[in-house]
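The values are calculated or read from the model by the stated rules, or taken from the named source; none is laboratory data. These figures come from a predicted structure and were not determined experimentally. Counting neighbours? That spans all protein chains shown, and the Cβs are built from the backbone with ideal geometry, glycine included.
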Amino acid sequence: MTETWSDGLFGALTADEVAPVPSSGADLLAAAQQYQRAIADVAAAVHSAHGQWQGLPDVLQADHITPALKPLMDPADKLASALQDSAESFVSVASAASTSLAQLQTEHDTLVSRIEQFRASAPGKMASKAAAEVRTGDLLGAAATVISSWKQVPELVGDEFALRTEVAAHNLKVSTTVSSIARQIDQITAGEKGTYKLPELGSASLADTLVDHGVPLSAAAAFTGQSVAVLLAGLDAKQVEKAFEDPTMKAWVAGLSAADAAAWWSSLDPAQKKGIIAAIPGVIGNLNGIPYTDRDAANRAAMDDEIAKLKAAGKTDTDEYQALENTKKALKKTPDSQLISLTLGAEPLAAVSVGNLDTASNVTWMVPGMGTSVKNNIKGYIGGAKNLRNQQIADVPTVDTAVVAWLGYKAPGGGDLVGEATDGLAVAGGNQLATAMQDFDATRSASGTVAPRVSVVAHSYGTLVAAQALKSTHADSVLLEGSAGIPAWIAPTAASLDVPKGQVFASQAVHDGWAITGQSTYLNPVDPRIDPTSNQFGAHDLSAEASPGLNAVTQHGPLVHKPGNTSYSYFDANTTAIDNAARVTTGTGASLPVGDTPAERFVANPHAVEYGAAAGEAMHGIP
Amino acid sequence: MPDLWLDSAGVSAVAGSIDNRAGGVVGAAAMVTQALAEATGAVGSPDISGAVSSFASRFDGRANELITYLEKLGAGLDNARAALEGADADLASLVTGGPR
């Protein structure tokens, strides 16, 4: 519609100025009714599902599991009802809208008709003629038309004014009615509010509820689609304890990879950790990825539980009981120790770190030889680990170090000469040591701490164990002391170990009688054992003899010195041997002078004499 | 351990039934959406069309939520059944019995 200066004065009113009415009230109502019918189908499906769900108690009872599950369908049912309500509201709004729009359409049609009648009347024609003249610029002509019909002007002005007023009122009504309908539709809820809010099925709070109702955590995890780890992290200590009544939880934890275990463990708070340690100490104590501080707590708890159990059963005279009691006493006397692994059984196995294995930047695995057991030697080996660690700190005051007394394999017994003279136990033990070292790597890697420098110091038959382990596991340095001889099929040379060139060391004291015995009594003449200090093996030989301020190794040992005696062995304090071991394991072994080669030992004390010198030594005379 | 009694087939049937009902809601909701689309197209006023369109969108959101919820309940129940069976070795001997 083109506006001119004459519009609104007279003669310009047309039907176009009457606002059109949306012609779809009936269509809107029809659509709303269709919506209502379709929603009824939605609601019927949900109500039916609700009915089915109510039948749960007929097919599933697990203490309170059903009461926990049963209410879960209620919100869905309520939401379906809310949607039905929305359909009713929609139909109601559409019905009223249909009526209003129909009335407005009638009003619209009446106004249009009246405008057309007016334009056909004499004043209307005069006004139309004048308006047309104005639009063509013929103002004088327009004035003449009006003047010549001056008697009709009052009627013209009065009628048009009245019509214009009605059109304006109608237009306003159309606008407000449409806005009102739109607003009413906007206000229809589609179940966004109210008590029918659907619970988050994957939420920890639902798991809380399920666990509180006695649902096994594995089932709660399966039901909610969350991982057991995530659900566990959301439980309090009491719920954790309850969750671990489910035996599958123990298997779940034991099956975690180091990375998964580390991530899961770090998601728990101290109270939760405490609850889990109390529930499954044996699993947590040996689980890779769990910090050694917590493994220590778990292993000590497992140890205490077993001691109490054996005591209650009157089995205090068993090797197991005595091994555990001795371990407990030794740990008590070593405040900075960690019981990093414990395998219960008739002959328990254990590994104790002196120093914090979670943070140490320098770690040494101390591997014992023949005749070693937790029962008889845990105290001595913890002492040996302390001696080495003290010497490391004396040599390198800034070192953050831990030494592990690894009594983690079944060694040949003190009188088991066949066991000593064969390789079976060494291979099994070596594989166990490799696993322990790899597990340590995985645990430290999962913790995100800097990878430490790792060394192995092995004694006697333990050197076979170490060689077997280092075929498949890396160490930054290794020291083989008083070796019973390395079987050529395990490691013919130093180069066959996964240790950097120049970091394989060997030491054998002149007065060590049992090393040469082990090397010579091997029961496999086709593939003999090799003295790791020999040129053939290619290690860096180190002296175990006296040096300024330090004592010589006088016996095979490895721990023989006591206050008042003058005997020393490889792991005793104040010896050249322990000082060399400290330097090797802190990375400066390559600068040590070569010493105690076979030729030097022969010149100093031929083997026959050597054996004689050591003949009075008890095998592995550990104090 | 909780005292368990489980009619394995029965639980599966409930789970399957819930899943079927969820499928029913999917079909019915599609009809609703179509009805609302027609309503939107039928209205000659942009204001009313906009309001209907907005309502349709809100309905779609809630309907989808409802469908997902039902599906999760069905699947969850079936998963829980499997987990419960695995959680208790003795359960196998109970699954064909009756409530006790």
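Annotations for the structure displayed:
- Being in contact with a strand residue (DSSP E or B) (Cβ under 7 Å, 6 or more places away or on another chain) and either at negative phi or not β-branched (Val, Ile, Thr) (or both) holds for only one residue in A:Asn387, A:Asn431, A:Asn377, and it is A:Asn377.
- Count of the range A:435-469 residues, restricted to those that are of a type in the set (Ser, Thr, Tyr), closer than 28 Å to A:Leu559 by Cβ and either in contact (Cβ under 8 Å) with a residue 24 or more places away in the chain or buried (at least 22 other Cβ atoms within 10 Å of the Cβ) (or both), is 4.
- Close pairs (7 angstrom Cβ cut-off, 6 or more residues apart or separate chains): surrounded by fewer than 16 Cβ atoms within 10 Å (Cβ to Cβ) in the range A:581-600, of a type outside the set (Lys, Arg) and part of a loop (DSSP other than H, G, I, E, B) anywhere: A:Ala590/A:Gly502
- Single residue of A:Asn356, A:Asn387, A:Asn431 found to be out of contact with any Ser or Thr (no Cβ under 6 Å at 6 or more places or on another chain) and closer than 18 Å to A:Ser569 by Cβ: A:Asn387
- Residue within the range A:191-208 that is surrounded by fewer than 20 Cβ atoms within 10 Å (Cβ to Cβ), within 14 Å of chain B (Cβ to nearest Cβ), within 30 Å of A:Ala97 (Cβ to Cβ) and without any contact (Cβ under 8 Å) to a residue 60 or more places away in the chain present: yes
- The one condition in (1) more than 10 Å from every other protein chain (Cβ to nearest Cβ); (2) buried (at least 19 other Cβ atoms within 10 Å of the Cβ); (3) modelled with pLDDT of 80 or more that A:Val211 fails to fulfil: (3)
- Pairs with Cβ under 8 Å, 6+ apart, first in the range B:73-90 and more than 7 Å from chain A (Cβ to nearest Cβ) and farther than 14 Å from B:Ile18 by Cα, second modelled with pLDDT under 75 and in a helix (DSSP H, G or I): B:Glu85/B:Leu91; B:Glu85/B:Ala92
- Positions within the range A:209-250 being touching a residue at least 12 places away in the same chain (Cβ under 8 Å) and among the hydroxyl-bearing types (Ser, Thr, Tyr), in sequence order: A:Thr209, A:Ser218, A:Thr224, A:Thr248
- Helices (runs of 4 or more DSSP H) contained in the range B:3-100 and holding at least 1 residues at pLDDT 75 or above, of a type outside the set (A, V, I, L, M) and buried (at least 19 other Cβ atoms within 10 Å of the Cβ): B:8-42, B:46-87
- Condition broken by A:Thr110, with the remaining ones in (1) in contact with a helix residue (DSSP H, G or I) (Cβ under 8 Å, 6 or more places away or on another chain); (2) more than 8 Å from chain B (Cβ to nearest Cβ) satisfied: (1)
- Criterion (among the small types (Gly, Ala, Ser) and assigned to a helix (DSSP H, G or I)) met by exactly one of A:Ser445, A:Ser455: A:Ser445
- All positions within the range A:226-253 that are within 7 Å of chain B (Cβ to nearest Cβ) and not β-branched (Val, Ile, Thr): A:Glu245, A:Asp246
- Those residues of the range A:49-63 which are surrounded by fewer than 17 Cβ atoms within 10 Å (Cβ to Cβ) and either more than 7 Å from chain B (Cβ to nearest Cβ) or in a helix (DSSP H, G or I) (or both), in sequence order: A:Gly51, A:Gln54, A:Pro57, A:Asp58
- Residues located in the range A:256-292, provided they are among the polar types (S, T, N, Q), in contact (Cβ under 8 Å) with a residue 40 or more places away in the chain and within 22 Å of A:Asp236 (Cβ to Cβ): A:Gln272
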